[in-house]
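Enquirer: I have a structure I would like to understand better, so I am pasting it below and will then ask my questions one at a time.
The values are calculated or read from the model by the stated rules, or taken from the named source; none is laboratory data. This is a predicted model, so every value here is computed, not measured. Note that we place each Cβ from the backbone using ideal geometry, even for glycine, and neighbour counts take in every protein chain shown. Surface areas here come from the heavy atoms of the whole protein model, side chains and all, with no ligands, DNA or RNA. Shrake-Rupley method; radii C 1.70, N 1.55, O 1.52, S 1.80 Å.
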Amino acid sequence: MSTEPIYLDHQATTPLDGRVLEAMLPFLTREYGNPSSPHTFGRTAAKAVRTARRQVSDLVGAKNELEIVFTSGATEANHLAIVGAALAARPRGGHIVTTAIEHKAVLAACRRLVDHHDFTLTRVGVDRHGRVHPADIAAALTPHTVLVSVMHANNEIGTLQRLAAIAEITAPRGIVLHTDAAQSAGYGLLDVTELGVDLASLSAHKLHGPKGIGALYIRGGTRITAQQTGGGQERGLRAGTPNVPAIVGFGSAAHLIATDAVPPPTRTRALRDQLQDRLLSAIPGATVNGHPHRRLPGNLSLTLPGIEAADLLDRLPGIAASTGSACNTGSGEPSHVLTAIGLTRDQARATLRLSLDRTTTDTDIDRAADLITRTAHTLVPAIADAA
């Protein structure tokens, strides 16, 4: 039996696909030109960047590659989208709306607008499954609302939001709709045209691409105020010499998904359901967080009564998982996502996030189910007696 730890933390990051690395290698070695340079080396790099931009555009269903702006990751994309769009619309109003379960990068960008630009902010609550109701978004709007930001899929409980229904509310009012889609794009679930969003943030390392590269989809005609100025790269919206190897890697990872060159999400969902069923039957009182059906195929957020999830993971060196978002590690505070769906502080601390994707195997699931069950029974003997 393999002694390699079972990796069940794909919502934190995914392993780099070997085909992606192969595509990147020439631009880490012999093809080192600056894409802004006029000579052969520069033209080769510029062509590679154009190809990657088209590949990312195809993945998300954009009209053309000019709607894609490369950034250093989803955090920067969120900041550019939220702060940039809100400031561009400032003459029309100073109110923004988001939800109680957004990623901290989104909440921080919203807070920046409040603290430094005198915007007002409304955070709309969610139901026990983590879904925001479009009617609640509509009720939060005012004549001064210029931007709404609602994540497509939650990074802790996996719940998918009804963005198309929200777009039907914001679009007629001329309100910009942004979504943090870092978690959903890797499953091929993001179609910006179908969802009706104006802005969408992406991250390569969530879909088997390299770290340190992301993108912002900007629907044609959406006004954005640049947040990083300088040399005029990325249509003047994101200055700085492009990270060509990472951009090529992002494009390659996107291409693999868009062309069905990777296993479909249905396989991941089946493995997730298998793990879920085994743990629910073996650990009495365990409950699943997130929407029962409308959530990411690989997400499994479990609350295990009477168990500190951090203690459980400490006793499970053979499993790489988390208690929630990697961005919350070490904070000591319960997850704002879990408390927003109604969990108590104790329940939040008893919650384990297991996330699978296309590299997860049947053997991984069998081993993980056995290890988690045995360790949970050790921590709380009463569970073993009841099982």
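Enquirer: Could you please report the charge total around GLY220, scoring K, R as +1 and D, E as -1 over all other residues with beta-carbon less than 12 angstrom from its beta-carbon?
Expert: On the way: positive: LYS63, ARG219, ARG223, ARG235; negative: GLU65, GLU67, ASP198.
Residues close to GLY220 contribute a combined charge of +1.
Enquirer: Then there's this: Hey, how much of the P(r) for the range 40-115 falls beyond 21 Å, as a percent of Cα pairs? Don't skip to the answer; put the middle values down first.
Expert: Values: 1285 of 2850 pairs.
Summing the P(r) tail past 21 Å for the range 40-115 gives 45 percent.
Enquirer: Taking the convex hull of the Cα atoms, report for the range 229-387 its projected area averaged over all directions, in nm². Please list the in-between numbers first.
Expert: On the way: hull surface 50.0 nm².
Result: a mean projected hull area of 12.5 nm².
Enquirer: When the chain is modelled as a GNM with alpha-carbon springs shorter than 10 Å, which of LEU160, LEU25, LEU207 fluctuates the most?
Expert: LEU25
Enquirer: While we're looking at this one, here's another question. What's the Cα-based Rg to Rh of the range 111-186, Rh via Kirkwood?
Expert: Numbers: Rg = 12.8 Å, Rh = 13.3 Å.
Looking at the range 111-186, the ratio lands at 0.97.
Enquirer: Dipole magnitude of the range 13-98 about its Cα centre, charges +1 at Lys/Arg Cβ and -1 at Asp/Glu Cβ only, in debye to the nearest 20? Before the final figure, lay out the partial values.
Expert: Working: 10 positive and 7 negative charges, 62 e Å.
Dipole size: approximately 300 debye.
Enquirer: Net charge near THR159: determine it from the other residues with C-beta under 11 Å of the C-beta of THR159, scoring Lys and Arg +1 and Asp and Glu -1. If you can, show how the numbers build up before the last one.
Expert: On the way: positive: ARG128, ARG131, ARG162, ARG294, ARG295; negative: ASP127, GLU156.
Net of charged neighbours comes to +3.
Enquirer: At a temperature of 20 °C and a viscosity of 1.002 mPa s, determine how fast the chain diffuses translationally according to Stokes-Einstein, using the Kirkwood radius over alpha-carbon pairs as Rh; express D in µm²/s, rounded to the nearest whole number.
Expert: Numbers: Rh = 21.7 Å.
Result for D is 99 µm²/s.
Enquirer: Moving to a separate point now. Please list, by residue number, everything in the range 1-31 whose backbone N is under 13 Å from a paramagnetic label point 7 Å out along Cα→Cβ of LEU371.
Expert: 1-9
Enquirer: Using the Karplus equation 6.51 cos²θ - 1.76 cosθ + 1.60 (θ = phi - 60°), what ³J(HN,Hα) coupling, rounded to whole Hz, does each residue of the range 228-233 give in order, writing x for Gly and Pro?
Expert: So the Karplus estimates, Gly and Pro as x, are 9, 9, x, x, x, 5 Hz.
Enquirer: I'd like the accessible area for HIS129: 1.4 Å probe, protein heavy atoms, all chains in place, Å² to the nearest 10.
Expert: Result for HIS129: roughly 50 Å² accessible.
Enquirer: Still on this structure: For a Förster distance of 22 Å, can you work out the FRET efficiency between the beta-carbons of ARG90 and THR241, rounded to the nearest 0.05? Walk me through the intermediate numbers first.
Expert: Working: r = 30 Å, r/R0 = 1.37.
The computed FRET efficiency comes out at 0.15.
Enquirer: Counting only protein heavy atoms and a 1.4 Å probe, tell me what percentage of the range 1-144's accessible area is made up of carbon and sulfur. Write down the numbers at each step before the final one.
Expert: Details: 3770 of 6920 Å².
Looking at the range 1-144 in its full context, I get 54 percent from C and S.
Enquirer: Also, I was wondering about something else. Over the range 16-114, give the accessible area per residue in Å² for a 1.4 Å probe, as an integer. Spell out each step's value before the answer.
Expert: Numbers: 4330 Å² over 99 residues.
Roughly 44 Å² per residue, with all protein chains present.
Enquirer: As a test question: what accessible area, to the nearest 10 Å², does ARG173 have when a 1.4 Å probe is rolled over all protein chains in place?
Expert: 140
Enquirer: Quick one: Karplus J couplings for the range 172-189, per residue in order, coefficients 6.51, -1.76, 1.60, θ = phi - 60°, nearest Hz, x for Gly and Pro?
Expert: Taking θ as phi minus 60°, the curve returns x, 8, x, 8, 6, 10, 10, 9, 7, 10, 4, 7, 9, 4, x, 9, x, 8 Hz for the range 172-189.
Enquirer: Say each of GLU22 and GLN274 gets a label point 7 Å from the Cα, pointing the same way as Cα to Cβ; how far apart are those two points in nm?
Expert: 2.7
Enquirer: Tell me which residues come under 5 Å, amide H to amide H, from THR323 once H is placed; ignore anything under 5 positions away on its chain.
Expert: ARG353
Enquirer: Here's something else I'd like to know. List every residue whose amide H lies under 5 Å from the amide H of TYR7, counting only residues 5 or more places away in sequence or on a different chain, with H placed 1.01 Å from N in the peptide plane.
Expert: So TYR7 has HN proximity to ALA320.
Enquirer: Just ILE169, ILE157, ILE218 to compare: in a GNM of the chain, with alpha carbon springs under 10 Å, which one fluctuates most?
Expert: ILE169
Enquirer: Which whole-number percent is the relative contact order of the chain (Cα, under 8 Å, 6+ apart)?
Expert: Details: 788 pairs, mean separation 87.8, N = 387.
Relative CO of the chain lands at 23 percent.
Enquirer: Let me ask something else about it. Using a 1.4 angstrom probe on heavy atoms only, work out the carbon and sulfur share of the accessible area of the range 146-202 in %. Can you show the working numbers first?
Expert: Numbers: 650 of 1380 Å².
Carbon and sulfur together cover 47 percent of it.
Enquirer: Hey, another quick one. For the chain, modelled as a Gaussian network with Cα springs under 10 Å, which listed residue fluctuates most, GLY125, GLY33, GLY214?
Expert: Greatest mean-square fluctuation among the candidates belongs to GLY33.
Enquirer: Taking only the alpha-carbon positions of the range 1-79 and ignoring solvent, what does the Debye formula give for the base-10 log of I(q)/I(0) at q = 0.11, 0.12, 0.14, 0.25 Å⁻¹?
Expert: Normalising to I(0) and taking log10 leaves -0.45, -0.52, -0.68, -1.28.
Enquirer: Return one quarter of the surface area of the convex hull spanned by the alpha-carbon atoms of the range 161-299, equal to its mean projected area, in nm². Walk me through the numbers before you get to the answer.
Expert: Details: hull surface 43.2 nm².
Projected area, direction-averaged: 10.8 nm².
Enquirer: Something else about it: THR71's amide H: which non-local residues (gap 5+, or another chain) put their own amide H closer than 5 Å, with H modeled 1.01 Å from N in plane and none for Pro or chain starts?
Expert: Here the answer is GLY214, ALA215, LEU216, since their amide H atoms fall under 5 Å of that of THR71.
Enquirer: Of GLY125, LEU256, HIS79, which is farthest along the charge dipole of the chain in the positive direction, counting Lys and Arg as +1 and Asp and Glu as -1 at C-beta?
Expert: The residue sitting most towards the positive pole is HIS79.
Enquirer: With the other protein chains left in place, how much accessible area per residue, in square angstrom, belongs to the range 271-373 at a 1.4 angstrom probe? Let's see the in-between values first.
Expert: Numbers: 4090 Å² over 103 residues.
Here the per-residue accessible area is 40 Å².
Enquirer: When the solvent-accessible surface of protein heavy atoms is calculated with a 1.4 angstrom probe, in what order do LYS63, LYS104, LYS47 fall, highest first? Walk me through the numbers before you get to the answer.
Expert: Working: LYS63 160, LYS104 90, LYS47 130 Å².
The ranking, largest first, comes out as LYS63, LYS47, LYS104.
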